[in-house]
Amino acid sequence: MRAAIALGSNLGDRLANLQNARDRIRALDGATGLMVQSAIYETSPVDCEPGAQNFYNAVIEVGFENSADAVLEALQEIERALGREHNHKRNVSRTIDLDLLYCGSEHRDDAILQLPHPRITERKFVLQPLCDIAPDLRLPGQTKSVGELLAQLPDPAKITHLTDKW
């Protein structure tokens, strides 16, 4: 199955944090096939603490042989290895944030995992990089493509294209 992961960082060397997370995801047991990656965008923080630094955001898509639960667990291990505390508060600055956006056509809504990610359609900092790699994708439960969802999204946060190569 193909899975998409949103990467974000607003502490430390943000570019290096994204690169390190991407490389660790690529090296995971069960990761298969070609990895596709978006450009990197700099975005203003949304609902973070006052004075929070801008985020670097990107999305990657990679094949996995493992279950969605196993992928989520591996992503959480990568977050901890890169300095994110286990009980990190929501919407607070962080060295790395890895969100599992979708796993194939799986649709879930339980205490452990929600697929597709419940706020994906509300976040330009996720939809813009996802549109880079899959503009015609229809997420499970959606009637509109990622490109259409992005086009209809109001623009509350500033987002700037930084680089295609990372």
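Across every pair of different alpha-carbon atoms, what Kirkwood hydrodynamic radius in Å does segment 58-131 reach?
Details: mean 1/r = 0.0746 Å⁻¹.
Taking every pair of different Cα atoms in segment 58-131, averaging 1/r and inverting gives 13.4 Å.
When the accessible area of the chain is computed with all protein chains present and a 1.4 Å probe, what percentage of it is carbon and sulfur?
Values: 3920 of 8420 Å².
Heavy-atom surface of the chain belonging to carbon and sulfur, 1.4 Å probe: 47 percent.
Points 7 angstrom from Cα along the Cβ direction at Asp23 and Glu148: gap in nanometres?
4.1
For the chain, what is the largest minus smallest coordinate of the Cα atoms on each principal axis, given in angstrom and ordered from greatest to least?
The principal-axis extents, from largest down, are 39, 37, 34 Å.
May I ask you to give the solvent-accessible area per residue for segment 47-134, in square angstrom, as obtained with a 1.4 angstrom probe? Walk me through the numbers on the way to the answer.
Numbers: 4310 Å² over 88 residues.
Per-residue accessible area for segment 47-134 comes out at 49 Å².
When Lys and Arg each count +1 and Asp and Glu each count -1, what net charge do the other residues less than 11 Å away from Leu137, Cβ to Cβ, add up to?
Values: positive: Arg2, Arg138, Lys144; negative: Glu61, Asp136, Glu148.
Charge balance in the 11 Å sphere: 0.
Report the residues of segment 132-152 in range of a label on Asp109: point 7 Å along Cα→C-beta, backbone N strictly under 18 Å from it.
139-144
Setting aside same-chain residues fewer than 8 positions from Lys158, which aspartates and glutamates have a Cα under 12 Å from its Cα?
Glu42
For segment 17-81, report the translational diffusion coefficient in µm²/s to the nearest whole number, using Stokes-Einstein at 10 °C, 1.306 mPa s, and a Kirkwood Rh over Cα pairs.
On the way: Rh = 13.3 Å.
The Stokes-Einstein estimate is 119 µm²/s.
If you look at just the Cα atoms of segment 115-160, how large are its Rg and its Dmax in Å?
That works out to 9.8, 29 Å for Rg and Dmax.
For a label point 7 Å from the Cα of Gln53 along Cα→C-beta, name the residues of segment 77-97 whose backbone N is under 15 Å from it.
83-84, 92-97
Is it possible to state the helix-based mean residue ellipticity at 222 nm for the chain, with each DSSP H run of 4+ residues giving -39500 (n - 2.57), the sum divided by total residues, to the nearest 500 deg cm²/dmol? What is it?
Result for the chain: -8000 deg cm²/dmol, rounded to the nearest 500.
The values are calculated or read from the model by the stated rules, or taken from the named source; none is laboratory data. Since the model is a prediction, treat every value here as computed from it, not as a measurement. Every residue, glycine as well, gets a Cβ built from its backbone with ideal geometry; the counts of neighbours run over all protein chains shown. Accessible surface is based on the protein model in full, side chains and every heavy atom, while ligands, DNA and RNA are left aside. Shrake-Rupley method; radii C 1.70, N 1.55, O 1.52, S 1.80 Å.
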